[in-house]
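Single-structure report; data block below.
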Amino acid sequence: MMKFLTVVAISLVANCAMTQQRNLTDSEIAMVMRVANLGEVREGELARTKATDTSVRDFASMMVTEHTAQNNKTESELARVDVASADSDLSRQLDAASGAATDRLRALSAPAFDRAYMDRQVDAHQSLIALIDSKLMPSARKKQVREQLTALRALADKHLTRAKQIQGSLPR
């Protein structure tokens, strides 16, 4: 029985590794962008109501406004070239991570909430930039998908810079 479980575990790990190495389709990339934007909106909406620091609340409002606009622009541009969103393991993982982060944040109160939200924003934006650079951009085929990835990366970079500024100003 132990040998069987070991073989199953090795097979699962190998399968996950192969899934991670596979290039995503443009439709799967579209869904990853959608999930990334909507995750920022979801977390930002929570922070607009729970944050006590003005700069954190303002940042959260910016997340909601700018990621909603970016999502709408991306969906519009990709619809023009018939790139519909399609789920992938990666998009499901990103959505689950954002949902779990939102649940963790919801349980906190100020000022711990403000610090945790800004820590999450720094981590999330760093991860998004790395994901775009290492996985999404190399997999993108259509010019419009690459253009939207470039726009999302620029937005994430801008947000990361601001998030680090706010993070550094908050009390420990």
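Spin-label model, SER27/ALA107: points 7 Å from Cα along the beta carbon direction are separated by 3.8 nm.
Taking R0 as 22 Å, what FRET efficiency do you get between ALA154 and ALA97 from their Cβ-Cβ distance, rounded to the nearest 0.05? Provide the component values of the computation, followed by the final result.
Details: r = 22 Å, r/R0 = 1.02.
In this case the efficiency is close to 0.50.
For LEU155, the shell of other residues with beta-carbons less than 12 Å away shows a net charge of +1, using +1 for Lys and Arg and -1 for Asp and Glu.
Taken as entire DSSP H runs, the helices of the chain never both span 27 Å or more between Cα atoms along their own long axis and average 1.6 or more on the Kyte-Doolittle scale.
In this Cβ point-charge picture (+1 for Lys and Arg, -1 for Asp and Glu), segment 25-169 has a dipole of about 180 debye about its Cα centre.
Using a basic spin-label model with each label point 7 Å from the Cα along Cα→Cβ, how many nm lie between THR161 and SER55? For the pair THR161/SER55, the computed spacing is 1.6 nm.
Peptides 103-115, 153-165 ranked from most to least packed by the mean count of surrounding Cβ atoms within 10 Å: 153-165, 103-115. For the chain, adding -39500 (n - 2.57) for each run of n ≥ 4 DSSP H residues and dividing by the number of residues yields -28000 deg cm²/dmol at 222 nm. ASP123 sits among other residues whose Cβ lies under 14 Å from its own Cβ, and their net charge, with Lys and Arg +1 and Asp and Glu -1, is +1. When the Cα gyration tensor is reduced to axis lengths a ≥ b ≥ c, the ratio a/c is 1.5 or higher for the chain, and with a/b not above b/c it is classed as oblate.
Less than 13 Å Cβ to Cβ from SER88, Lys/Arg counted +1 and Asp/Glu -1: what total charge do the surrounding residues give? Once all neighbours under 13 Å are counted, the net charge is -1. Using the Cα centre of segment 25-169 as origin and beta-carbon charges of +1 (Lys, Arg) and -1 (Asp, Glu), tell me which of ALA97, ALA51, ALA140 is placed farthest towards the positive end of the dipole. Sorting the options by dipole projection puts first ALA51.
Bear in mind these aren't lab numbers, they're just calculated from the coordinates by the rules spelled out. Please read these numbers as outputs of a predicted model, since none were measured by experiment. So basically every Cβ, Gly included, is an ideal-geometry build from the backbone, and we count neighbours across all protein chains shown.
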